[in-house]
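Q: One structure coming up, written as C-alpha cells, with questions to follow.
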Amino acid sequence: MGVDLHTHTTASDGSDSPAELVSAAAALGLSAVAVTDHDTTEGLAEAEAAASRAGIEVVRGLELSLEWGRGAMHLLVLLIEDRHYLSSRLVRVREGRTRRNLEVVELLRSLGMDVTLEEVREEGGSGTIGRPHFASLLVKKGYAPDIPAAFDLYLGRGRPAYVERFRLGPAEAIAAAHAAGGVAVLAHPLTLGVEGGRLSAVLEELSEQGLDGMEAYYGAYDPPTRRSLIELARRHGLVPSGGSDYHGRFKPDVKLGTGRGDLLVPDEVLAELRAAVAARRSPAPHRA
Ligand code: AMP
Ligand code: FE
Ligand code: FE
Ligand code: ZN
C-alpha cells in the first residue's frame with residue numbers, strides 16, 4: 001500500500017543503488033516507487049530490472065532544478081516514456097553541472113581547503129556529482145560538522161562556494177517532460193520562496209505552461225501543511241503528488257516511503273498522474 005514518487009539513488013546524490021532502493025521499497029510494502037535522480041535517467045534500467053524481481057512497480061522519473069530568481073524551483077518528471085529523448089534534451093544541463101563542479105572545487109581550494117575533484121568523485125561513485133557529495137567530503141575532512149552545516153557554511157545559495165549552473169526555464173522543462181511522454185510535477189513547493197497569493201500566481205502561470213501536478217504529500221512537511229497543499233493543488237487543477245525525497249545517508253533524517261515517519265502517499269495519486277497522461281493523448285473533444 002502506498003507509493004513514493006520522489007527518491008534519489010547512486011545515479012545522483014542518493015546512497016542506495018537503484019536495485020537496493022527498489023528492494024527496500026518492496027520490503028516496505030509500497031506498490032510503486034519513482035526513481036527521480038537529478039538531471040539523469042541513468043539509474044532507471046537497473047531499477048526496472050530489480051522491480052520485476054521484487055514485485056513492485058518502478059515509475060520512471062527525474063528531477064530538474066529550474067531557472068527561478070528566488071529560492072529553489074525543482075520539477076519532477078514522472079512516467080517518462082522516452083528516456084533517451086529526455087536525456088538528449090539535458091546535455092546542456094549536465095555540461096553546466098560538470099563546469100559548475102570544477103568551479104566549486106576551485107573556490108573551496110581558494111578558501112584554503114585541501115580538496116580535489118577526484119576526492120569529490122569518490123563520494124559520488126559512478127553517478128552524477130552534486131553538492132551533497134561536496135558536503136560529504138567537507139564533513140569527512142573536518143571542514144564542516146555535518147552535511148546541512150556544509151551547505152550553510154559554504155555550498156548553499158549565497159554562500160562562499162556557491163556557483164550558479166545552467167538550468168532550463170519552467171516552460172521549456174514542462175514541454176520536455178510532455179514530449180518525453182511524462183508528466184511535470186512541481187517538487188516541494190515551499191522552497192520557491194513565495195507564499196499565499198504570490199504562490200497562487202506562480203502556480204497559475206505554471207499551470208498555463210502545462211504543469212500537471214504539485215507535491216503536497218512531502219516527507220518534510222507536517223500534516224496540516226500537506227492538507228493545505230492538497231487543497232491548493234486542487235484549486236489549481238493540479239494532481240497532489242507526493243514522495244519522501246529519500247537520499248539515504250545524504251539526508252539521514254528522511255526515510256524511504258515514510259519521510260520523517262508519518263508520510264503515506266495514497267496509490268490514487270499515481271492513478272491520477274496516469275490519467276493526466278491519458279488525457280493529454282486523447283483530449284476530450286469539447287476541450288480541443
Ligand atoms: P546540485 O543539484 O548539485 O546543485 O545539488 C542540489 C542538492 O543538494 C539538492 O537536491 C539537495 O539534495 C541538496 N541540498 C540543497 N540544499 C541543501 C541544504 N541546505 N542542506 C542539505 N542538502 C541540500
Ligand atoms: Fe538531491
Ligand atoms: Fe529537490
Ligand atoms: Zn529530490
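The values are calculated or read from the model by the stated rules, or taken from the named source; none is laboratory data. Treat the numbers as computed from the prediction; the structure is a model and nothing was measured. Cβ coordinates were reconstructed from backbone atoms using ideal geometry, including for glycine residues, and neighbour counts include every protein chain displayed. Ligands, DNA and RNA are excluded from the accessible area calculation, which covers all protein heavy atoms including side chains. Shrake-Rupley method; radii C 1.70, N 1.55, O 1.52, S 1.80 Å.
Q: Have a look at Leu28, Leu44 and point out the one that is in contact with a Gly (Cβ under 6 Å, 6 or more places away or on another chain) and over 26 Å from Gly156 (Cα atoms).
A: None of the other options fit; the residue is Leu28.
Q: Can I ask one more? Test Leu86 against the stated conditions and say whether it is within 13 Å of ligand 1 (Cβ to nearest atom) and either open to solvent by less than 30 Å² (accessible area, probe 1.4 Å) or within 26 Å of Leu168 (Cα to Cα) (or both).
A: No.
Q: Residues that are of a type in the set (A, V, I, L, M, F, W, C) and within 16 Å of ligand 4 (Cβ to nearest atom): does the range 198-218 have at least one? Break it down into steps so the answer makes sense when it comes.
A: If we filter the range 198-218 for residues that are of a type in the set (A, V, I, L, M, F, W, C), which is where we start, we get 199, 201-203, 206, 211, 214, 216.
Add one more test, that the residue is within 16 Å of ligand 4 (Cβ to nearest atom), and what stays is 214, 216.
Checking the range 198-218: at least one residue is of a type in the set (A, V, I, L, M, F, W, C) and within 16 Å of ligand 4 (Cβ to nearest atom).
Q: Cβ-Cβ below 9 Å, separation at least six or inter-chain, first residue in the range 115-136 and touching a residue at least 40 places away in the same chain (Cβ under 8 Å) and farther than 21 Å from Glu46 by Cα, second outside any helix (DSSP H, G or I) and among the hydrophobic types (A, V, I, L, M, F, W, C): which pairs?
A: Close Cβ pairs satisfying both conditions: Ala135/Ala144.
Q: If you scan the range 219-251, which residues turn out to be among the hydrophobic types (A, V, I, L, M, F, W, C) and more than 16 Å from ligand 4 (Cβ to nearest atom)?
A: Scanning the range 219-251 gives Leu229, Ile230, Leu232, Ala233, Leu238, Val239.
Q: Find the residue count for the range 141-188, including only residues that are away from ligand 2 (no atom under 16 Å from the Cβ), among the small types (Gly, Ala, Ser) and over 16 Å from Tyr85 (Cα atoms).
A: Total meeting the criteria: 7.
Q: Keeping to the range 278-288, report how many residues are small (Gly, Ala, Ser) and open to solvent by 90 Å² or more (accessible area, probe 1.4 Å).
A: 1
Q: Out of curiosity, is Ala161 away from ligand 1 (no atom under 11 Å from the Cβ), under 30 Å from Gly210 (Cβ atoms) and free of Cβ contacts under 8 Å to residues at least 60 places away in the same chain?
A: Against the criterion (away from ligand 1 (no atom under 11 Å from the Cβ), under 30 Å from Gly210 (Cβ atoms) and free of Cβ contacts under 8 Å to residues at least 60 places away in the same chain), Ala161 does not qualify.
Q: Output the number of the condition that Gly43 fails; it satisfies all remaining conditions of (1) within 14 Å of ligand 1 (Cβ to nearest atom); (2) touching a strand residue (DSSP E or B) at 6+ places or on another chain (Cβ under 7 Å); (3) closer than 22 Å to Glu95 by Cα.
A: (1)
Q: Could you give every pair whose Cβ atoms fall below 7 Å, whose first residue belongs to the range 96-114 and is at negative phi, and whose second residue is among the aromatic types (Phe, Trp, Tyr) and at pLDDT 95 or above, counting only separations of at least 6 or pairs across chains?
A: Gly96/Phe166; Val104/Phe134; Leu108/Tyr154; Met113/Tyr143
Q: Pick from the range 249-277 the residues that are open to solvent by 50 Å² or more (accessible area, probe 1.4 Å) and not in a loop (DSSP other than H, G, I, E, B): which of them is nearest to Gly125 (Cα to Cα)?
A: For the range 249-277, the residue satisfying everything is Arg249.
Rundown of residues vs (1) part of a loop (DSSP other than H, G, I, E, B); (2) under 19 Å from Ser15 (Cα atoms); (3) within 16 Å of ligand 3 (Cβ to nearest atom), yes/no style:
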site	(1), (2), (3)
Gly61	no, yes, yes
Thr98	no, no, no
Leu107	no, no, no
Glu119	no, yes, no
Thr128	yes, yes, yes
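Q: Identify, from the list Ala72, Ala47, Ala26, the residue that is of a type in the set (Gly, Ala, Ser) and surrounded by 22 or more Cβ atoms within 10 Å (Cβ to Cβ).
A: Ala47
Q: Which one is nearest to ligand 3 (Cβ to nearest atom) among residues in the range 29-39 that are touching a strand residue (DSSP E or B) at 6+ places or on another chain (Cβ under 8 Å) and open to solvent by 10 Å² or more (accessible area, probe 1.4 Å)?
A: Top of the filtered list is His38.
Q: Here is a further query. With the structure loaded, tell me whether Arg94 is touching an Asp or Glu at 6+ places or on another chain (Cβ under 6 Å) and open to solvent by 60 Å² or more (accessible area, probe 1.4 Å) or whether it fails that test.
A: yes
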